[in-house]
1. Across segment 347-431, how large is the tail of the calculated P(r) beyond 18 Å, expressed as a percent of all Cα pairs?
2. Using the Kirkwood formula on the Cα atoms of the chain, what hydrodynamic radius do you get, in angstrom to one decimal?
3. Once the cut-off is 13 Å, how many percent of the Cα-Cα pairs in segment 322-371 end up in the long-distance tail?
4. Using the scaling law 2.2 N^0.38 Å as the reference, what is the normalised Cα Rg of segment 150-258?
5. If you restrict to DSSP beta bridges whose two residues both lie in the chain, what percentage is antiparallel, to the nearest 5?
6. Only Cα pairs within less than 10 Å get springs; with that Gaussian network setup on the chain, which residue of Gln46, Gln22, Gln71 has the largest fluctuation?
7. With the cut-off at 21 Å, report for segment 240-347 the share of all Cα pairs above it, as a whole percent.
8. I'm a student and want to see the number: the projected area of the Cα convex hull of segment 100-158, averaged over all directions, in nm².
Amino acid sequence: MLTGREQETAFLENHYKRPGSQILVVYGQRGVGKTALLTAFTEEKQTIRYTAPNCSSRELCYQWGQELREQGKEISSNPSWEEVLQCVSGEKSDRKKVLIIENFHYLLKGDTLFLQELIRYLKEHREVSLLVILTTYASGWVENSMISKIGNLAFSVSGFLKVKELPFSVMRRIFPVGTLQERIELYAVLGGMPGLWKLLDLSVSVEENLTNLFLEKNSFLPELMIKWLAEELRETAVYNTILATIADEKNGKLNAMYARTGFSRAKISVYLKNLMELELVEKALPGTYEISNSFMRFYFRFLFPHQTAWRRDNGRTFYETYIREDYSNFVRSAYRRICQEILQTDFGTVELKKAAQGRTYFLCKDTAGKKIAVDYSGTVCYTSEDYDALLTALKSIRTEPDEIIIFCENGYENALAKKVSGKVRFRSVGA
């Protein structure tokens with residue numbers, strides 16, 4: 001079974017084992033691992049794959065027919081959808097077949113004829129046992145527009161599966177080589193996207209990987225991801241402006257965005273809502289927004305503000321000038337998200353809090369109602385000053401936790417051991 005995708009695989013297997021035919025929609029952003037999931041799932045199953053081009057429904061039908069003829073199938077030169085589906089499903093078999101149609105949004109954005117014909121065909125041919133999996137990277141379209149587009153046809157869809165990013169714990173299992181620090185720094189940029197992980201060269205440093213993937217003149221990854229953003233969102237210039245503003249970290253509040261962009265607060269709120277639906281932006285604290293997608297955060301933090309230098313300088317020069325000094329702060333924010341992933345598996349409630357001094361920490365509750373304060377230091381050694389600042393922050397909001405957890409990857413100073421009580425526990429994301 002594919003590492004980290006046990007629930008998704010079980011969902012697919014459950015529908016595969018059902019009698020008759022089913023239609024599933026499997027979606028998730030580029031690089032999240034949809035292809036790897038479906039490849040592993042269909043490894044010992046009779047499978048037909050088709051990738052839909054971006055053209056009219058009629059042309060799609062013609063192109064698919066042409067492809068089938070090239071495979072030696074007998075089908076007319078200008079087939080109907082009925083003929084295509086008959087050719088694809090083939091003769092009756094004791095084993096269910098799997099039909100995977102990639103980029104299926106191209107089949108539906110123009111009209112719903114294909115889906116109508118598919119549903120009709122499966123209803124009229126009960127002898128056919130087919131699991132149809134419609135896949136797409138257009139997550140925003142699936143969640144916001146698809147149902148209104150297809151109307152009552154949606155009742156014939158057996159299920160929707162969103163393939164989400166994998167947690168850091170899975171990256172550690174897949175890549176047991178290298179130091180924990182290096183994996184944290186790479187996860188800070190690539191997030192839980194296994195399609196991007198496979199591009200890594202684990203024999204070189206983090207700096208070399210980032211330079212090769214994003215900064216060299218022949219690097220295709222930034223353009224690919226920005227193309228995806230343009231396809232998901234209209235008025236790209238407005239969204240780019242808001243994302244660049246949030247990436248600055250000093251401008252994550254609505255008033256700060258209003259002051260910098262000149263857009264009305266109402267307009268900014270609408271665009272933020274759309275970005276949150278795409279899981280590109282999240283509300284980290286009341287009234288404070290952050291870019292949640294790791295690559296987009298890296299792009300708008302370092303590359304977008306320095307377009308000229310990024311396209312002009314060699315990768316190493318750009319890294320030294322614009323990234324190296326600020327990269328530890330960038331990783332610290334990602335480390336907080338990794339800690340949050342772990343806490344959410346352990347506690348029923350996990351809230352990010354901010355004290356008057358500006359320090360952020362987590363306040364959790366377990367099933368018994370016990371309060372746990374959680375500090376995270378990034379990947380540096382935890383000091384007595386850090387601990388004193390945490391206690392001051394908790395006191396400022398009148399919080400007395402039953403337990404304190406401190407995440408740190410390089411231990412803590414000796415003097416601190418004498419100060420902490422028995423209710424303090426140190427943890428590592430690598431434990």
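1. Working: 1426 of 3570 pairs.
Percentage above 18 Å: 40.
2. Values: mean 1/r = 0.0407 Å⁻¹.
Taking the inverse mean of 1/r over all distinct Cα pairs, the chain comes out at 24.5 Å.
3. Numbers: 792 of 1225 pairs.
The calculated P(r) of segment 322-371 puts 65 percent of pairs beyond 13 Å.
4. On the way: Rg = 18.2 Å, N = 109, 2.2 N^0.38 = 13.1 Å.
Segment 150-258 yields a ratio of 1.39.
5. Just about 35 percent of them are antiparallel.
6. Of the options given, Gln71 has the highest mean-square fluctuation.
7. Values: 2401 of 5778 pairs.
Across segment 240-347, Cα pairs with separations above 21 Å total 42 percent.
8. Working: hull surface 16.0 nm².
Reported value for the Cα convex hull: 4.0 nm².
The values are calculated or read from the model by the stated rules, or taken from the named source; none is laboratory data. Just so you know, these numbers come straight off a predicted model, no measurement behind them. Ligands, DNA and RNA are stripped out before the accessible areas are found, and what is left, the full protein with its side chains, is counted by its heavy atoms. Shrake-Rupley method; radii C 1.70, N 1.55, O 1.52, S 1.80 Å.
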